[in-house]
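Every read-out reported here was derived from the displayed coordinates using simple, explicitly stated rules and does not represent laboratory data. Every value quoted in this text rests on a predicted model; they were computed, and no experiment measured them. Here the Cβ positions follow ideal geometry from the backbone for every residue, glycine too, while neighbour counts run over all protein chains shown.
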Amino acid sequence: QVQLVESGGGYAQPGGSLRLSCAASGSIFSINTMGWYRQAPGKQRELVATITSRGSTNYADSVKGRFTVSRDNAKNTVYLQMNSLKPEDTAVYYCYLGVLVTPYWGQGTQVTVSS
C-alpha cells in the first residue's frame, strides 16, 4: 500500500512564495516519477511539474521560471518551491507518484493566492 502525505499549503499574497512537500511511504519501486498536479474550481486537474528518479523535470508553461520541483530519493519525498505566486495559481495541489503504469495521488493541499 502506497501512501502520499502532503504538507505546506496555505495562503500567500501575489508575488509571495510557498513550499509544498510530499512524502511517499509503502512499497515503492525505486524507478518512478513524482510531482504535482493542481485543480482549480470548475477546471480539470492539470500538470504542474514532475521529476523522475533520475532527476529529469517537466513543467507546465504557466509555472516555468517561477516553480521548482525537486526530490530526495533517500526520503521518497518531492518538493515544490513556488515563487512569484499569482492569483491564478490558486488551486488544490495534489502530489503524484507514478510507478510503471500505476498512478498514486495524495489527498490534496489548498494553495490560495490573494491580496
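Working value for segment 34-91: equivalent-ellipsoid semi-axes of 21, 12, 10 Å, each the square root of 5 times a Cα gyration tensor eigenvalue, largest first.
The residue among Q110, T77, Y11 whose Cα reaches farthest toward the positive pole of the charge dipole of the chain, with charges on the beta-carbon of Lys, Arg, Asp and Glu, is T77.
How high is the relative contact order of the chain, given as a whole-number percent (alpha carbon pairs under 8 Å, six or more residues apart)?
Over the chain, the number comes to 36 percent.
Using R0 = 30 Å, the C-beta based FRET efficiency linking Y11 and N58 works out to 0.65.
Within 9 Å, Cβ to Cβ, of R66, how many net charges do the neighbouring residues add up to if Lys/Arg are +1 and Asp/Glu are -1?
On the way: positive: K64, K86; negative: D89.
That sum, taken over residues with Cβ under 9 Å, equals +1.
Picking from S62, L20, M34, whose Cα lies most toward the positive end of the charge dipole for segment 1-67 (charges on Cβ: Lys, Arg +1; Asp, Glu -1)? Ranked along the dipole, the leading option is S62. Put a plus charge on the Cβ of each Lys and Arg, a minus charge on the Cβ of each Asp and Glu, and nothing anywhere else: the dipole of segment 32-75 about its Cα centre is then about 60 debye. Its alpha carbons give the chain an Rg and a Dmax of 13.4, 42 Å.
Paramagnetic label reach from T112 (point 7 Å along Cα→Cβ; backbone nitrogen cut-off under 19 Å): within segment 1-17, residues 7-17.
Give, rounded to the nearest 20 debye, the magnitude of the charge dipole that the chain has about its Cα centre when Lys and Arg contribute +1 at Cβ and Asp and Glu contribute -1 at Cβ. Don't jump to the answer; show the numbers that get you there.
Working: 10 positive and 6 negative charges, 24 e Å.
Charge dipole, the chain, about its Cα centre: 120 debye, nearest 20.
Amide H contacts of F67: N83, each under 5 Å away and 5 or more positions distant or on a separate chain (H built 1.01 Å from N in the peptide plane; Pro and chain starts excluded).
Ordered from longest to shortest, the equivalent ellipsoid semi-axes for segment 1-66 are 23, 15, 13 Å, each the square root of 5 times a Cα gyration tensor eigenvalue.
Entry for segment 64-115 at q = 0.28 Å⁻¹: log10 I(q)/I(0) = -1.20, Debye formula applied to identical alpha-carbon scatterers, no solvent contribution.
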